[in-house]
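Working notes for the structure below.
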Ligand SMILES: C[S@@+](CC[C@H](N)C(=O)[O-])C[C@H]1O[C@@H](n2cnc3c(N)ncnc32)[C@H](O)[C@@H]1O
């Protein structure tokens, strides 16, 4: 079974590691994985492109060919590329001269393949990935340039797209399934969901927010529905919804007159118990009914740390 590698950007490490594993498990529930600092290695039937194309925090991804102690042990079982480049990714705590390593490995591969070296436009990149415990050799022909949905209307309290994308991925939904965001605001979660093929339905009690969401969706030719109503409208559509992914009001920033804790409590109480829920809220609200959820803290600035809960 192929081993894939994913080098993370370094933001929100635990969240980013879990995102990769969660995506892989959507397509192969038997995915095995190991993580070390910014590196996640998965063993699954899922092509790395599928995972990297969805993930918010993956910077480089590819196949693992094997491990090595000495460069003489490096073997690559891949068809000869037209042109290749060799890159070192040092994730270890030691200072390593990557350029020298690349200059040593490059000629060995060049000789065995008879291929050109091209640093500017390689058809295959060989990665020498060094951690404190292992040295991996990996390869990839994928350039990560995710197509981003456009957002014509922004708003000060909107969710960062990477967090929204990551939350969608943690919901475990595959393409064609339906997500609901009952506090959709400007539609960030809806946009991220639809950009990876997940249908979405937004609800917001503020007419202006619904207008903004609709405009942001139509700008991208997306078809997600937006309903101008309070969150309890979800009860009417719950049979069409596979997961709830949402960013609940933070209190003073919201137009809601109900205190955030009460609002969240009321909201969770109407959700079917088995409904998958990925919810972000402001740290400091004590939600004992989410005791069993996995939680991640995400620092934004000195007066806002968010908690992402996955139930
Ligand atoms: C934190 S904002 C969501 C921001 C959104 N994630 C974005 O990126 O734009 C919360 C939203 O909940 C809406 N809201 C507040 N109380 C509500 C209620 N009772 N029912 C439905 N929507 C509500 C507000 O109008 C606001 O747009």
request  = Inspect the stretch 140-149 for any residue being more than 10 Å from the ligand (Cβ to nearest atom), under 22 Å from residue 223 (Cα atoms) and assigned to a helix (DSSP H, G or I) and give the result as yes or no.
outcome  = no
remark   = With the first residue restricted to the stretch 146-160 and required to be modelled with pLDDT of 85 or more, and the second required to be more than 9 Å from the ligand (Cβ to nearest atom) and part of a loop (DSSP other than H, G, I, E, B), Cβ contacts under 7 Å at 6 or more apart or on different chains are 149/220; 150/220
query = For the stretch 150-178, how many residues are assigned to a loop (DSSP other than H, G, I, E, B) and either under 20 Å from residue 306 (Cα atoms) or in contact with a helix residue (DSSP H, G or I) (Cβ under 8 Å, 6 or more places away or on another chain) (or both)?
reply = 15
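Provide a single number: the residues in the stretch 101-139 that are in contact with a strand residue (DSSP E or B) (Cβ under 8 Å, 6 or more places away or on another chain) and in a loop (DSSP other than H, G, I, E, B).
The initial filter retains those residues of the stretch 101-139 that are in contact with a strand residue (DSSP E or B) (Cβ under 8 Å, 6 or more places away or on another chain), namely 101-102, 105-106, 109-110, 113, 115-119, 121-139.
Now restrict to residues that are in a loop (DSSP other than H, G, I, E, B): 115, 118-119, 121-123, 131-134.
Final tally of qualifying residues: 10.
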query = For the stretch 176-202, what are the residues that are within 17 Å of the chain's Cα centre (by Cα) and near the ligand (Cβ under 7 Å from one of its atoms)?
reply = 188, 189
query = Can you spot a residue in the stretch 85-94 that is assigned to a loop (DSSP other than H, G, I, E, B) and more than 26 Å from the chain's Cα centre (by Cα)?
reply = yes
task = Just need a number here: residues in the stretch 230-264 that are modelled with pLDDT under 95, assigned to a helix (DSSP H, G or I) and touching a helix residue (DSSP H, G or I) at 6+ places or on another chain (Cβ under 9 Å).
result = 2
message = Condition check: at pLDDT 95 or above and farther than 22 Å from residue 162 by Cβ. Does residue 28 satisfy that?
response = yes
message = Looking for something over 26 Å from residue 50 (Cα atoms) and touching a residue at least 60 places away in the same chain (Cβ under 8 Å) - is there at least one such residue anywhere in the stretch 210-218?
response = yes
ask   = Does residue 62 count as at pLDDT 95 or above, within 16 Å of residue 131 (Cβ to Cβ) and not in a strand (DSSP E or B)?
value = no
ask   = Can you tell me which of 218, 224, 269 is surrounded by fewer than 14 Cβ atoms within 10 Å (Cβ to Cβ), under 25 Å from the mean Cα position of the chain (by Cα) and over 30 Å from residue 13 (Cα atoms)?
value = 218
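The values are calculated or read from the model by the stated rules, or taken from the named source; none is laboratory data. Since we're looking at a predicted model, the values are computed, not measured. Cβ coordinates were reconstructed from backbone atoms using ideal geometry, including for glycine residues, and neighbour counts include every protein chain displayed.
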